[in-house]
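Undergrad: Got a structure for you, questions after.
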Amino acid sequence: MLRPALLATLLLAAAPARGDVAADLPPDVADLPPDVADLDDRAAAPALCALPAMLDAARAGLADGSDAYRRYLAALLQEAALTLPEADLLDAVASERDPALLEVLGRALATRASHAEDPGLLQPLLDRAALDGDPALRAAAVRALRATGSVEAMAALGGGVDYALLVQDPVPEVRAAVADNLIAENRDVYGGRDARLTAAAVEVATAATDGQVAARVLAEIPLDTATPDAVAAVTAALAADDPARRAGAALALGSAPPGDGATARALVARYHRDDDATVRAAILRALARLGQASAIPTLRALRGVAPALDPELDLWLDVLGLELQEWHLILREKLRRAARAAQHDTPDTP
Amino acid sequence: MKLASLILIALVAFASPAAIAATARGPICDTRARVGSTTYYSCSGSYHGALDMSNGTCNSWNHRGMLVGSRYYRYYGGCGQSCSATSCNGGAGNYVVVSGSNGWQFRQLHIGANGSSGSKTCDRCALGLVSSTGQSYGAHVHADNRRYGTRMTAWYTSVGTTCGRSAYCGNVVGNPTL
Ligand SMILES: [Zn+2]
């Protein structure tokens with residue numbers, strides 16, 4: 001049983017970040033006034049523990065531990081990474097062959113890079129993501145970057161490896177990890193609103209040959225900070241062969257800057273031409289989001305174009321008529337009513 | 001299954017994101033750092049609805065991002081160095097804002113600008129100096145978690161943070177919503 005030993009090792013390594021234990025330790029050198037920092041000789045301080053021993057123990061715990069225990073291990077290694085010798089951490093990320101441990105180690109390295117504001121530390125992890133021969137290891141390396149400020153970090157490194165490259169991976173697991181990362185980074189790092197993230201998402205959706213990945217990225221990353229060129233690229237995707245990509249593009253355009261009405265006109269034109277119910281439903285939702293209460297005449301004019309969609313269209317008209325002031329309130333009310341309608345559709349419901 | 005059900009299944013995945021519970025540590029990597037004011041000023045005065053934390057110094061210790069995990073800290077600067085109260089930026093002094101979903105924000109105020117100050121994405125990095133820019137009496141870090149501009153208190157009361165609690169950067173002082 002390795003766990004008690006592992007806990008002791010990791011707790012020791014994490015000690016400088018724990019208030020109760022750290023009272024006797026010198027503060028981190030970066031936090032001291034310059035005159036004090038100059039006197040602190042970091043090289044003379046002994047290492048608190050050796051990384052290889054921690055990794056052996058973590059490898060065993062990740063293989064057979066519960067989900068909660070695995071999350072705990074990941075969190076401890078992340079904290080330890082802030083104070084571990086940098087070269088050891090870089091070497092471990094460059095050479096680890098166990099995907100579960102590579103993901104945890106990579107996340108720890110990304111945490112250190114973000115803490116130190118040094119994107120260059122990410123290079124070995126980016127190399128694994130782009131170049132490793134084992135797809136499971138490439139996917140693990142991509143997942144390690146999730147919600148770490150990776151889009152900015154990759155741009156700062158000059159774009160040799162970026163998500164538009166990684167989304168071309170031949171293996172679906174890697175491509176799905178790219179979509180997950182962009183969505184999580186947009187939500188967790190930027191609160192759902194950042195021009196650089198939006199630009200990266202549109203670039204990835206355009207570069208992706210995987211329609212499902214493109215659709216997810218488009219549908220879940222709002223375009224409200226998008227440039228006119230980015231909006232044009234998404235508008236062009238309304239004509240894609242893959243219905244999932246068309247639906248994703250339509251949903252995305254619902255969050256585009258309203259501008260001169262060109263986006264709404266493109267959506268209406270597509271509604272007339274498309275023959276896929278999911279794409280048409282996505283267009284109705286996008287028009288509702290773009291115009292909110294002012295979209296009512298546009299939506300009314302579409303009644304009868306696709307009779308099967310008219311109940312959906314009427315649902316939007318009813319909800320928009322309530323004049324709720326925020327999109328998330330409008331959407332929540334729409335989903336609530338749609339769920340009730342779906343229930344009443346089922347034949348065995350009394 | 002009727003069309004309405006199919007459409008619901010196709011679109012329900014794209015509902016607007018729920019707010020996230022974050023973890024906030026103390027902003028000063030000095031074990032002497034303490035919480036001085038919470039819901040009421042000096043824990044007995046008028047309404048404050050935020051944490052004030054200090055270690056009794058001005059312009060010598062780093063003011064660190066409190067949120068665990070990488071976040072985009074948007075910086076609002078323009079206030080000159082000061083170890084006493086000013087009206088700069090409406091009393092906030094130099095400050096950073098992390099924006100979340102649906103009107104939620106986390107802010108850290110009264111930063112003394114230095115080379116670390118500026119909008120950036122990072123995990124508990126230095127944001128400037130623990131200082132007294134803005135309406136601040138004695139250098140400190142003011143941290144609040146607001147929704148549409150209203151200061152909420154549950155983020156620190158829920159973890160039992162009150163006056164005298166350590167504001168050291170290894171200690172959790174709250175779970176703000178973002
Ligand atoms: Zn305050």
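The values are calculated or read from the model by the stated rules, or taken from the named source; none is laboratory data. It should be emphasised that the depicted structure is a prediction, and the values quoted were computed from it without experimental measurement. Backbone-built Cβ (ideal geometry, glycine too); neighbour counts: all protein chains shown. Note: areas computed on protein heavy atoms with side chains; ligands, DNA, RNA excluded. Shrake-Rupley method; radii C 1.70, N 1.55, O 1.52, S 1.80 Å.
Undergrad: Of all residues in region A:208-221, how many are more than 13 Å from chain B (Cβ to nearest Cβ) and more than 12 Å from A:ARG245 (Cα to Cα)?
TA: Residues that pass the stated criteria total 0.
Undergrad: Restricting to region B:140-178, and then to whatever is among the polar types (S, T, N, Q) and not in a loop (DSSP other than H, G, I, E, B), can you tell me which residue is least open to solvent (accessible area, probe 1.4 Å)? Working first, answer last.
TA: Narrowing region B:140-178 to residues among the polar types (S, T, N, Q): B:145, B:150, B:153, B:157-158, B:161-162, B:166, B:171, B:175, B:177.
From what's left, not in a loop (DSSP other than H, G, I, E, B): B:145, B:150, B:157, B:166, B:177.
Working: B:ASN145: 2, B:THR150: 77, B:THR157: 73, B:SER166: 25, B:THR177: 39 Å².
Across region B:140-178, the extreme among qualifying residues is B:ASN145.
Undergrad: Now for a different question. Identify the residue in region A:267-281 that is under 19 Å from A:ALA293 (Cα atoms) and under 28 Å from the mean Cα position of the chain (by Cα) and, among all such residues, is surrounded by the fewest Cβ atoms within 10 Å (Cβ to Cβ).
TA: A:LEU267
Undergrad: Only one of these conditions is not met by A:ASP224: (1) within 19 Å of A:SER150 (Cα to Cα); (2) in a loop (DSSP other than H, G, I, E, B); (3) within 14 Å of chain B (Cβ to nearest Cβ). Which number is it?
TA: Condition (1) is where A:ASP224 drops out.
Undergrad: On the basis of being open to solvent by 30 Å² or more (accessible area, probe 1.4 Å), over 30 Å from A:LEU329 (Cα atoms), within 13 Å of the ligand (Cβ to nearest atom) and not basic (Lys, Arg), does B:GLY91 make the cut? Explain how you work it out, then say what you get.
TA: Working: open to solvent by 30 Å² or more (accessible area, probe 1.4 Å): no; over 30 Å from A:LEU329 (Cα atoms): yes; within 13 Å of the ligand (Cβ to nearest atom): yes; not basic (Lys, Arg): yes.
The answer is no for B:GLY91.
Undergrad: Inside region B:99-139, can you point out the residues that are open to solvent by 20 Å² or more (accessible area, probe 1.4 Å), part of a loop (DSSP other than H, G, I, E, B) and at negative phi?
TA: Result: B:ALA113, B:ASN114, B:GLY115, B:SER116, B:SER117, B:SER119, B:GLN135, B:TYR137.
Undergrad: Every residue in region B:73-88 that is open to solvent by less than 20 Å² (accessible area, probe 1.4 Å) and part of a strand (DSSP E or B), please.
TA: Here is the first cut: in region B:73-88, the residues open to solvent by less than 20 Å² (accessible area, probe 1.4 Å) are B:73, B:79, B:82.
Within region B:73-88, B:TYR73 is the sole residue that qualifies.
Undergrad: What residue, among those in region B:57-69 that are away from the ligand (no atom under 16 Å from the Cβ) and open to solvent by 10 Å² or more (accessible area, probe 1.4 Å), is nearest to B:HIS140 (Cα to Cα)? Can you show your working first?
TA: Residues of region B:57-69 away from the ligand (no atom under 16 Å from the Cβ): B:57, B:59-62, B:64-65, B:67-69.
When the remaining residues are screened for being open to solvent by 10 Å² or more (accessible area, probe 1.4 Å), the result is B:57, B:59-62, B:64, B:68-69.
Values: B:THR57: 8, B:ASN59: 10, B:SER60: 12, B:TRP61: 10, B:ASN62: 11, B:ARG64: 12, B:VAL68: 20, B:GLY69: 23 Å.
Only one residue tops the list, namely B:THR57.
Undergrad: What's the number of the condition A:ALA81 fails, among (1) modelled with pLDDT of 90 or more; (2) out of contact with any His (no Cβ under 9 Å at 6 or more places or on another chain)?
TA: Condition not satisfied by A:ALA81: (2).
Undergrad: Okay, next question. Can you find, within region A:172-198, the residue that is most open to solvent (accessible area, probe 1.4 Å) among those that are over 12 Å from the mean Cα position of the chain (by Cα) and modelled with pLDDT under 95?
TA: This residue is A:ARG193.
Undergrad: If I filter region B:123-133 for residues that are under 20 Å from A:ASP188 (Cβ atoms), at the interface with chain A (Cβ under 10 Å from one of its Cβ atoms) and within 15 Å of the ligand (Cβ to nearest atom), do I get at least one hit?
TA: For region B:123-133, residues under 20 Å from A:ASP188 (Cβ atoms), at the interface with chain A (Cβ under 10 Å from one of its Cβ atoms) and within 15 Å of the ligand (Cβ to nearest atom): absent.
Undergrad: Determine whether region B:147-156 contains at least one residue that is under 15 Å from B:VAL96 (Cα atoms) and within 16 Å of the ligand (Cβ to nearest atom). Working first, answer last.
TA: Step one: of region B:147-156, the residues under 15 Å from B:VAL96 (Cα atoms) are B:149.
Filter once more, keeping what is within 16 Å of the ligand (Cβ to nearest atom): B:149.
Scanning region B:147-156, I find at least one residue that is under 15 Å from B:VAL96 (Cα atoms) and within 16 Å of the ligand (Cβ to nearest atom), so the answer is yes.
Undergrad: Exactly one of these conditions fails for A:THR83: (1) part of a helix (DSSP H, G or I); (2) open to solvent by 20 Å² or more (accessible area, probe 1.4 Å); (3) of a type in the set (Val, Ile, Thr). Give me its number.
TA: Result: A:THR83 passes all but (1).
Undergrad: Taking the options A:LEU329, A:LEU335, A:LEU313, A:LEU290, name whichever one is more than 10 Å from chain B (Cβ to nearest Cβ), open to solvent by less than 60 Å² (accessible area, probe 1.4 Å) and over 18 Å from A:ALA236 (Cα atoms). Break it down into steps so the answer makes sense when it comes.
TA: Details: A:LEU329 fails: more than 10 Å from chain B (Cβ to nearest Cβ); A:LEU335 fails: more than 10 Å from chain B (Cβ to nearest Cβ); A:LEU290 fails: over 18 Å from A:ALA236 (Cα atoms).
Selected residue: A:LEU313, the only one of A:LEU329, A:LEU335, A:LEU313, A:LEU290 that is more than 10 Å from chain B (Cβ to nearest Cβ), open to solvent by less than 60 Å² (accessible area, probe 1.4 Å) and over 18 Å from A:ALA236 (Cα atoms).
Undergrad: Have a look at B:SER166, B:SER117, B:SER99 and point out the one that is more than 30 Å from A:LEU145 (Cβ to Cβ) and at pLDDT 95 or above.
TA: Values: B:SER117 fails: more than 30 Å from A:LEU145 (Cβ to Cβ); B:SER99 fails: more than 30 Å from A:LEU145 (Cβ to Cβ).
Criteria check complete, one pass: B:SER166.
Undergrad: Residues of region B:30-52 being closer than 14 Å to B:TYR168 by Cβ, in a strand (DSSP E or B) and either open to solvent by 50 Å² or more (accessible area, probe 1.4 Å) or more than 9 Å from the ligand (Cβ to nearest atom) (or both), which ones?
TA: B:ARG34, B:VAL35
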